[in-house]
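Please read the structure below before turning to the comments.
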Amino acid sequence: MIILFGGTFDPIHNGHLKLALHIASKFNCKVDLLPLNGTPNYKPAPVASLKQRLEMLRLVVTMYPEQLQLNLSETEYHEYSPSYLTLSRLRAKYGKEESFFFIIGGDSLISLSTWDNWKELFNLTNFIVAMRPGYTVENLDNEIIKRLIDIRNYNQNMPAGQIIITDFTPVDISSTQIRKQQKNLDSIADMIPESVNLYIQQQKLY
Ligand code: ATP
């Protein structure tokens, strides 16, 4: 079983961390933090450099070595790689029997049908969805609706195709909010791990 948590992580925050730890414990499996390499044309580029985003992730992974690990398969690709391509490469490496789970927030579920080759994703991975404050799940594509499944009923051995809704209690934190507060010189200490906060202040980030 492979559990991936893809994100820009600009910066990683307690919302990401709590969700990743919750899933690691629930599935009894390490979660791979998968930093995205840059962004597609339709999204603004990350503010922190790749090196800085990776250093912040390393600080967090060091704190939770049993639960988390860093997966560099996308950043080592050296250019933006849409999720379906990243997953295709990982599938080729691990074989078609391996079960893949890709963690996303509710906002990402709503925009899933805009991802490149999005229907192909259901042949490559399962999704684990954590709801997020401010996002309601409505007007979803039928292709998505028919795959939704409660976490109590999912099949752990199915390689791909399920969209599993977790029982995770949402945490109202976003990287955007952190960058904004840091820019305004408001404290961000209660939204990120202490070591990441120290790093941000040292690097004069955001
Ligand atoms: P930004 O505000 O810059 O868009 P973000 O806080 O959404 O960033 P990302 O790194 O873009 O963070 O998110 C990676 C993944 O984590 C996405 O699937 C997103 O939906 C999910 N996610 C981020 N924050 C939360 C949260 N508080 N609760 C649940 N999921 C989250």
*Which of the residues spanning segment 175-206 are free of Cβ contacts under 8 Å to residues at least 40 places away in the same chain and closer than 18 Å to P35 by Cα?*
T176
_If I ask for residues that are away from the ligand (no atom under 11 Å from the Cβ) and among the β-branched types (V, I, T), which ones from segment 101-121 would you list?_
T114
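Condition first: near the ligand (Cβ under 10 Å from one of its atoms), open to solvent by less than 20 Å² (accessible area, probe 1.4 Å) and part of a helix (DSSP H, G or I). Now tell me which residues in segment 176-199 satisfy that.
In the first step, residues of segment 176-199 are kept if they are near the ligand (Cβ under 10 Å from one of its atoms); the result is 176-180, 191.
Subsequent filtering for residues that are open to solvent by less than 20 Å² (accessible area, probe 1.4 Å) retains 178, 191.
Within segment 176-199, I178 is the sole residue that qualifies.
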_Counted residues, segment 71-95 - those being surrounded by fewer than 15 Cβ atoms within 10 Å (Cβ to Cβ) and closer than 20 Å to F27 by Cα_ = 1
*Answer yes if at least one residue in segment 164-174 is within 14 Å of the ligand (Cβ to nearest atom), free of Cβ contacts under 8 Å to residues at least 40 places away in the same chain and either part of a loop (DSSP other than H, G, I, E, B) or loosely packed, with under 11 Cβ neighbours inside 10 Å (or both), and no otherwise.*
yes
_Single condition N126 does not satisfy, out of (1) without any contact (Cβ under 8 Å) to a residue 40 or more places away in the chain; (2) within 22 Å of T86 (Cβ to Cβ); (3) more than 16 Å from the ligand (Cβ to nearest atom)_ = (3)
*Mind checking which pairs have a first residue in segment 39-57 that is modelled with pLDDT of 90 or more and a second that is of a type in the set (D, E), Cβ under 7 Å, 6 or more apart or different chains?*
P46/D10; V47/D10; A48/D10; R53/D10
*asked:* Which residue is farthest from the chain's Cα centre (by Cα), if the candidates are limited to segment 22-42 and must be exposed (fewer than 15 other Cβ atoms within 10 Å of the Cβ) and either within 13 Å of the ligand (Cβ to nearest atom) or of a type outside the set (S, T, N, Q) (or both)?
replied: Y42
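If I filter segment 41-100 down to residues being among the acidic types (D, E) and out of contact with any helix residue (DSSP H, G or I) (no Cβ under 6 Å at 6 or more places or on another chain), which single residue comes out as farthest from P11 (Cα to Cα)?
Pass one, segment 41-100, residues among the acidic types (D, E): 55, 66, 74, 76, 79, 97-98.
Keeping just the survivors that are out of contact with any helix residue (DSSP H, G or I) (no Cβ under 6 Å at 6 or more places or on another chain) gives 55, 66, 76, 79, 97-98.
Details: E55: 10, E66: 22, E76: 19, E79: 20, E97: 34, E98: 30 Å.
Checked segment 41-100; the qualifying residue farthest from P11 (Cα to Cα) is E97.
Is it fair to say L19 is within 8 Å of the ligand (Cβ to nearest atom) and not acidic (D, E)?
Working: within 8 Å of the ligand (Cβ to nearest atom): yes; not acidic (D, E): yes.
Spelling it out, L19 is indeed within 8 Å of the ligand (Cβ to nearest atom) and not acidic (D, E).
What about F127, is it touching a Cys at 6+ places or on another chain (Cβ under 9 Å) and under 21 Å from T8 (Cα atoms)? It would help to see each step written out before you state the result.
Numbers: touching a Cys at 6+ places or on another chain (Cβ under 9 Å): no; under 21 Å from T8 (Cα atoms): yes.
Against the criterion (touching a Cys at 6+ places or on another chain (Cβ under 9 Å) and under 21 Å from T8 (Cα atoms)), F127 does not qualify.
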*Could you look through segment 134-154, keep only residues that are within 30 Å of V60 (Cα to Cα) and at pLDDT 90 or above, and pick out the one that is most open to solvent (accessible area, probe 1.4 Å)?*
R152
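The values are calculated or read from the model by the stated rules, or taken from the named source; none is laboratory data. A quick note: this is a predicted structure, and the numbers were derived from the prediction, not measured. For neighbour counting, all protein chains shown are included, and Cβ atoms are generated from backbone atoms with ideal geometry for every residue, glycine included. Note: areas computed on protein heavy atoms with side chains; ligands, DNA, RNA excluded. Shrake-Rupley method; radii C 1.70, N 1.55, O 1.52, S 1.80 Å.
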